[in-house]
Amino acid sequence: MNIKVLPAQAKSCFHCGVDCLDRVLASDDKCFCCNGCQTVYDILRANDLEDYYALEDRPGTSPKERAGRKGEFAYLDDAQVERMLLDGDVQGAVQQVRLRLPQIHCASCVWLLESLDRLDAGVVRAEVDFMRRELAVGFAAERTSLRRLVELLASLGYEPEITLGGAATNKKRLGGDALVRKVGVAGFCFGNAMLFSLPEYLAGPEGVAVEWKRFFCWANLLLALPVLFYSAADYLAAGWRGLSKWIISIEVPIALGIVALFGRSAYEIFAGVGSGYMDSFTGLLFFLLLGKVFQRRTFDALSFDRDYRSYFPLAATVREGAAERSVPVAELVPGQCIFVRHGELIPADSRLRSPWVRIDYSYVTGEAEPVAAVRGETLHAGGRVCGLAAEMEISKEVSQSQLARLWDHPAFRKKRGSEFEQRVNAFSKYFTGAVLAIATLAALYWAGSDARMAVHVFTSVLIIACPCALALSTPFALGTALGILARSGLFLKNAQIIEQLTHIDTIVFDKTGTLTRARDNEIGYEGTALAESEREGLAAVLRNSAHPLSRSLLQGLAAVGDGVVSDFEEVPGRGLRARVGAAEVMAGSREWVGEAGQGADPRLPGAQVHVAVDGDYRGFFRLGNVYRQGIGPVLEALGERYRLLLLSGDNDREREKLSAFFAVDDMRFGQSPTDKLEFVGTLPTSGHNALMVGDGLNDAGALQASAVGIAVSENTSVFSPACDGILQAEHLQRLPRFLRFATGANRIVVASMVLSLLYNAVGLSFAVQGALSPLVSAILMPLSSISVMAFATGATRLAARYTGVER
Amino acid sequence: MSALYLLVGFSLLIALVFLAAFFWAMRNGQYEDTYTPALRVLFDGRKSAKPSKEIVP
């Protein structure tokens, strides 16, 4: 065979950088891996947009995965669908839309997408939000349409992710954030109040002139008002709620401190007896709110609350007689006949009308191989149609399908309270009681000799006991830990998840897509060796089949397979038969290809594809799951400290391989999503705290029912089911380290709480003696807050280094 | 010394202007996306700055 040898550099596609294995297309001395990439290049060159290739090397995304079917996006012309996607606030004739493009990955992408107006004259404005992988487009409705925009993007390799769930959230978010505004106000007032207080602190024994002292005091009072009424409003409201319902939470002593601090200062200023503690007051609120902001880390590109709607298409093609039209899936009613094409999802439970179809349920059930269905059979929502298109009759509404009902399970409605919060709140009861007792006792002690001193001491105790530093320790330690984990590939929904991770004693794994790589197969061959020409022939036949086994095998064969195929025949559930040149090639099940009894033992693990050439049985290819790299040592390490369970929707072919890591009773195969949910749901009753590690929709229920559910994702900007955390697949092997780090972070929280209580004790010793001057308060308050913050952040970083999460 | 009253007033006023600027920036969405603008620096001088009139289909 004659192979054209190309220099190594030229072998990777100029557009997308993929190795051009199959064939090499050349244009302008540049190589492309496929027609799709070349087309994109030609479009960009024709429009003078070649800078795309100058900004980054080989920046493209190949559009070859999708077969550009005509009318694929026809549903976007539907007025109802358009309304769901477009932003409501239409400015004149300009329409606004936000599209999610998971393919955005580099500066070239941003540049090209923001130059969209040069490819479509109707585009008025195009702006990319890189972190959210979003493109906001404003377009003139009379010059272009949503459908044309989406088609243009798809042809460039940026096919928007348009889903039922996304339509609601893709709309424009309103800018601004109340909490940050409150911090802004508190910070502004704190800074200025401190400046106005400095003259008195620095004046020395002779003091500041009385008129100046009064002027600065009143200025401070003025500055404290917005802090009290705006920034502190939430604390005061929460404190009041707690007191009136007699539920003493951490907010109660904080609110008491705030009121005492402000009231005492205002009294001193009005009465002219002192200068008040307004600098401490504003500083207190500033630090408290800062802690709140710090804890609330958000990951813009990720979503932790996705349900089945995020996977579902926005519209389905409904057939009425010979006519086809697009209908939003939420409005599909039983009895309607829909048409689902290759690669599309079945939106609702329905009955098949076509003679047969093959359906890939891997998202819903975790079964690796697609199943064949025949006319009249019930098809479940969430299945993906492979190969041929199919016609089906809706039997249940979308929200009533088996898959959608999974989300009605109570596991999806549970609210998890923070354990620290509970512990702190339980502690607050005693804390508040103790503070009030100390304040009263101290006041009584002084009451006999000096009534004014008694009031002074009482308020001083309330002020200094305000557990500001205590309230800061959790946010700063866990907030830092969240950031460190995110940099290492584990994105947690919130800080509470870190606390819950420490109580885990059982880890439940899903198999397909979690322990194994979802799309790859390990291929082995047994039998008479195939000649080069036979391999080429087999590849040519496989190229004509959409069956996932054919696709996987074709990938593994590393043959070009460009022979001319004739008399192609595919029988569902059995195999393929075709002519390549002079030879007849058969591939498929054992029964299809050879005589019964010939060939392999059916009990061997892995899916098998048997091959015969010219009626002569040759052997079979075995396709086994490929486990993620380094998964063995990880399971061994985890097995030492945790009980490991396996819940797989797939069959038990891999049982033997896995028994090295899991006890025989702890492996369950053929589990439906509901089975998984229910099994994980029973673990707490036997006293186990389970961490569920899964990927697809089939694990969605179990992820919710477990104490902590972590979704493993190959590409975090694509999608993952609702969960508590998203783990990048390539970092799965660091799971043991993450768990150790979480335990460390929790110890740090406790340590910083103890530290903050020590400060309170020191402050109290000043307060009961009546020696809490504004200066002492102004030093002690920020000192305790800042040192607790520094300790919490620093110690968490050290723990990350120590456990090897971060170097 | 009474000029000090005026100066303190001015200093507060200026600080208020900055606070207002912060509020404006938040409302305007300046903190919405803090990453992409850094990429746009790379496009300076690229052709996209001046949209072409002719569109090749």
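No lab work stands behind these numbers, since they all come straight from the coordinates. The structure displayed is predicted, hence computed values, not measured ones. Don't worry about glycine lacking a Cβ; one is built from the backbone with ideal geometry, like all the others, and counts go over all protein chains shown.
Data overview
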quantity	calculated
Cα-derived Rg to Rh of the protein assembly as shown, Kirkwood definition	1.05
Interchain or long-range residues, amide H under 5 Å from residue A:14's placed H	A:31, A:32, A:33
Least to most buried among A:137, A:208 (fewest other Cβ within 10 Å first)	A:208, A:137
Crossing angle, helix A:548-557 versus chain A [Cα axis fit, 0-90 degrees, rounded to tens]	80 degrees
Size of charge dipole - the protein assembly as shown - debye, nearest 20, with Cβ of Lys, Arg +1 and Asp, Glu -1, no other charges	2000 debye
Other-chain or far-sequence residues with amide H under 5 Å of residue A:607's (modelled H)	A:623
Burial ordering of A:438, A:507, fewest other beta-carbon atoms within 10 Å first	A:438, A:507
Long-range amide H partners of residue A:689 with built H, under 5 Å	A:505, A:506
When each of A:396/A:511; A:245/A:292; A:396/A:676; A:245/A:493 is checked by Cα-Cα distance, pairs over 26 Å	A:396/A:511; A:245/A:493
Ascending count of other beta-carbon atoms within 10 Å, so fewest first, for A:43, A:247	A:247, A:43
Relative contact order (%) - the stretch A:739-807, alpha-carbon pairs under 8 angstrom, separation at least six	54 percent
3J(HN,Hα) from dihedral phi, the stretch A:679-688, Karplus parametrisation 6.51/-1.76/1.60, rounded to Hz, x for glycine, proline	5, 5, x, 7, 4, x, 5, 8, x, 9
Using alpha-carbon coordinates, inclination of helix A:251-271 to the longest axis of chain A, degrees	40 degrees
Dimensionless Rg ratio for the stretch A:313-395, taking C-alpha atoms and the 2.2 N^0.38 Å reference	0.99
Chain A: relative contact order in percent, alpha carbon pairs under 8 Å with at least 6 residues between	11 percent
Under Karplus coefficients 6.51, -1.76 and 1.60, residue-wise ³J(HN,Hα) of the stretch A:34-47 in Hz, glycine/proline x	7, 4, x, 5, 5, 4, 4, 4, 5, 4, 5, 5, 4, 9
Inter-centroid distance (Cα atoms) of the stretch B:1-40 relative to the stretch A:485-536, Å	50 Å
